[in-house]
Amino acid sequence: MSYRIRKDSKWIAWARALRDACVANATAWGLDETWLKPLSALVDEATKAYEANAPKSTKSHATVAVKDEAFRKLKEFLSLFILQLTSNTRVSGEQLVAMGLGPREKTSKNPLPRPSKAPMLEAFTGRHHVVDTYVSAEQHGHAITRVRENKSYSTLIRFKIEGEEGWNEMPSSRLHARLTFDESQLGKRVTLMAAWINRRFEHGPWSNEVTVIIN
């Protein structure tokens, strides 16, 4: 797949083109803000970090580290987002190929069912307006650290900031997900829930709510 392109300049150009195609076809493909908002934010962040690191006159260990972290976060998101696109029948096989994603693979005759259990959720605040979330399977009422309910399940984090009406959602392929907030949200409470999702992005029951204060 094209998201594995090694050269940074070609990879970020491909990521921007993928984002632009998804925004242009959002209605036809049934893509909502759950996907488009983080996709756009992560592409913009990775582009900014790449452009700051590209000139030899300004390149440093610090700019390389920022660029690598921005690319890592975008690639982690894309690992789930691309699964969502390839499983979305509104996106044609020709459109997938045009975006550099390759032909659609045949779906399993026995797809993984919707998750039936809720994960356990923990959230911790850190510096720089960061909230780290950890999900895990539950057994006999206790969390099993870093273990999934099913190895094929991913995670969907739902969160709402104090003063906001609607929930935001962020899918993650990892058991640890990091949310970063801006300066205007400092000191506000954020309430979070989590659920397992299968490869068709059907989510199971939500975990109990956890509330922390953004530092």
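The values are calculated or read from the model by the stated rules, or taken from the named source; none is laboratory data. The model shown is predicted, which means the values in this text are computed figures rather than measured ones. As a convention, Cβ positions derive from the backbone with ideal geometry for all residues, glycine included, and neighbour counts pool all protein chains shown. Accessible surface is based on the protein model in full, side chains and every heavy atom, while ligands, DNA and RNA are left aside. Shrake-Rupley method; radii C 1.70, N 1.55, O 1.52, S 1.80 Å.
Does segment 2-40 hold any residues that are loosely packed, with under 14 Cβ neighbours inside 10 Å, over 19 Å from GLU69 (Cβ atoms) and not hydroxyl-bearing (Ser, Thr, Tyr), and which are they?
LYS10, ASP20, VAL23, ALA24, ALA28, GLY30, ASP32, GLU33, LYS37
Residue by residue through segment 118-129, note down the ones that are open to solvent by 20 Å² or more (accessible area, probe 1.4 Å), touching a strand residue (DSSP E or B) at 6+ places or on another chain (Cβ under 8 Å), at negative phi and not hydroxyl-bearing (Ser, Thr, Tyr). It would help to see each step written out before you state the result.
First, the residues of segment 118-129 that are open to solvent by 20 Å² or more (accessible area, probe 1.4 Å): 118, 120-122, 124-129.
After this cut, where a residue has to be touching a strand residue (DSSP E or B) at 6+ places or on another chain (Cβ under 8 Å) as well, the list is 118, 120-122, 124-126, 128-129.
Retained after the next criterion (residues that are at negative phi): 118, 120-122, 124-126.
Selection gives ALA118, MET120, LEU121, GLU122, PHE124, GLY126.
Taking segment 186-205, which residues are within 20 Å of LYS117 (Cα to Cα) and open to solvent by less than 10 Å² (accessible area, probe 1.4 Å)?
Answer for segment 186-205, where residues must be within 20 Å of LYS117 (Cα to Cα) and open to solvent by less than 10 Å² (accessible area, probe 1.4 Å): LEU192, ALA194, ALA195, TRP196, ILE197, ASN198, GLY204.
Conditions (1) among the basic types (Lys, Arg); (2) part of a loop (DSSP other than H, G, I, E, B); (3) modelled with pLDDT of 80 or more, marked per residue:
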| residue | (1), (2), (3) |
| --- | --- |
| LYS67 | yes, no, yes |
| GLU76 | no, no, yes |
| LEU80 | no, no, yes |
| THR107 | no, yes, no |
| TYR134 | no, no, yes |
| LYS151 | yes, yes, no |
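So for segment 31-46 (the condition being under 22 Å from the mean Cα position of the chain (by Cα) and over 27 Å from ARG90 (Cβ atoms)), does at least one residue qualify?
So the first thing to find is which residues in segment 31-46 are under 22 Å from the mean Cα position of the chain (by Cα), and the list is 31-46.
From what is left, the residues that are over 27 Å from ARG90 (Cβ atoms) are 45.
The answer is yes, given that some residue of segment 31-46 is under 22 Å from the mean Cα position of the chain (by Cα) and over 27 Å from ARG90 (Cβ atoms).
Being in a loop (DSSP other than H, G, I, E, B) and either under 19 Å from the mean Cα position of the chain (by Cα) or without any contact (Cβ under 8 Å) to a residue 12 or more places away in the chain (or both) is the filter here; which residues of segment 47-64 pass it? So that I can check it myself, show each step before the final result.
Here is the first cut: in segment 47-64, the ones in a loop (DSSP other than H, G, I, E, B) are 54-60.
Correct list: PRO55, LYS56, SER57, THR58, LYS59, SER60.
Need pairs with beta-carbon distance below 8 Å; first residue of a type in the set (Asp, Glu) and assigned to a strand (DSSP E or B) and within segment 154-174, second modelled with pLDDT under 85 and open to solvent by less than 40 Å² (accessible area, probe 1.4 Å); sequence gap 6+ or separate chains.
Final answer for the pair search is GLU169/THR34.
Considering only residues that are under 16 Å from TRP206 (Cα atoms) and open to solvent by 60 Å² or more (accessible area, probe 1.4 Å), which ones fall in segment 161-185?
TRP167
Would you be able to tell me the number of residues in segment 41-67 that are basic (Lys, Arg) and open to solvent by less than 60 Å² (accessible area, probe 1.4 Å)? Step through it out loud before you land on a result.
Initial filter on segment 41-67 (basic (Lys, Arg)): 48, 56, 59, 67.
So of that shortlist, the ones also open to solvent by less than 60 Å² (accessible area, probe 1.4 Å) come out as 67.
Adding up the residues that qualify gives 1.
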